[in-house]
Amino acid sequence: MSRFDELITTVEAYQALAAENYARVRQMAEEIRAGLCDYLDAADGICVRLVPPAGEFQPKDYGDHAFSMPPRGFRPLGPIAFGLAVRVSHGTDWIRVTTQCQKIGDFFILDIQGGESFKLTLPLTKDDSATLFEYVYQHVLNWFQSKMDQYQQGEYGTREIGFDFSREPESAKA
């Protein structure tokens, strides 16, 4: 085998692992999105969406574009970020929780920006899910509470923990 053939064979194996990594993170993200929405128990519709981890976003289905890595083509083998948009009103107000997921051994580590890390397996276990969903719920709730506390103490607007807001266009509510 020539050096070039060895290089091609190695890169093909690398890309197969990158595809596996993407598929597993994508599966986990979808499980988290669906499970968190069920956990929040919003009687008036969808309350969690997968959105890009950075930049402007609308609370809509982004599919492949919700992830920091493309689903096809040459991909690096590494952590993948995605955003969880959580509806925070009965109307059209959403907040983004940015996460990053990476494989370590047989587990996936989900890091929440401005928060904790979680060791998870696929499929998500009932215990992992309950702990994670309660944490994300408290994380969002505590962000709002800390902003209210800062306002009441006259110290608001000084710290951020990685949330972004979005409002769904009025035309999309129908």
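The values are calculated or read from the model by the stated rules, or taken from the named source; none is laboratory data. This is a predicted model, so every value here is computed, not measured. In this analysis, Cβ positions are derived from the backbone assuming ideal geometry, glycine residues included, and neighbour counts consider all displayed protein chains. For accessibility, only protein heavy atoms count, side chains too; no ligands or nucleic acids. Shrake-Rupley method; radii C 1.70, N 1.55, O 1.52, S 1.80 Å.
The 3J(HN,Hα) values that the Karplus relation (6.51, -1.76, 1.60; θ = phi - 60°) gives for the range 73-82 are, in residue order, x, 6, 10, x, 9, x, x, 10, 9, 7 Hz. Gly and Pro appear as x. Residues whose amide H falls under 5 Å from that of ALA81, counting only those 5 or more places apart or on a different chain, are SER68, MET69, CYS101, with hydrogens built in the peptide plane. Scanning residues 5 or more positions from TYR62 or on other chains, those with amide H under 5 Å from its amide H are LEU50, with H placed 1.01 Å from N in the peptide plane. Protection proxy ranking, highest mean first, for peptides 77-89, 30-42, 8-20: 77-89, 30-42, 8-20, where packing is the per-residue count of other beta-carbon atoms within 10 Å, averaged.
Residue-wise HN-Hα couplings along the range 31-39, as the Karplus relation 6.51 cos²θ - 1.76 cosθ + 1.60 with θ = phi - 60° gives them from phi, are 5, 5, 4, 5, x, 5, 4, 4, 4 Hz; Gly and Pro carry x. Amide H contacts for ALA42 (H built 1.01 Å from N in the peptide plane; partners 5 or more residues away or on another chain; cut-off under 5 Å): none found. Applying the Karplus relation 6.51 cos²θ - 1.76 cosθ + 1.60 with θ = phi - 60° to the range 101-113 yields 3J(HN,Hα) values of 10, 9, 8, 9, x, 8, 10, 10, 9, 9, 9, 9, 4 Hz, where x marks Gly and Pro. Projecting the Cα atoms of CYS101, PHE144, GLY35 onto the dipole axis of the chain, where Lys and Arg carry +1 and Asp and Glu carry -1 at the beta carbon, places CYS101 farthest toward the positive end.
Taking all protein chains into account, the per residue accessible area for the chain stands at 59 Å² (1.4 Å probe).
Note down the net charge around SER117, summing +1 for each Lys or Arg and -1 for each Asp or Glu among other residues with Cβ under 13 Å from its Cβ. So the environment of SER117 carries a net charge of -2.
Roll a 1.4 angstrom probe over the protein heavy atoms and tell me the percent of accessible area of the chain that is carbon or sulfur. Walk me through the intermediate numbers first.
Numbers: 5540 of 10210 Å².
Answer for the chain: carbon and sulfur cover 54 percent of the accessible area.
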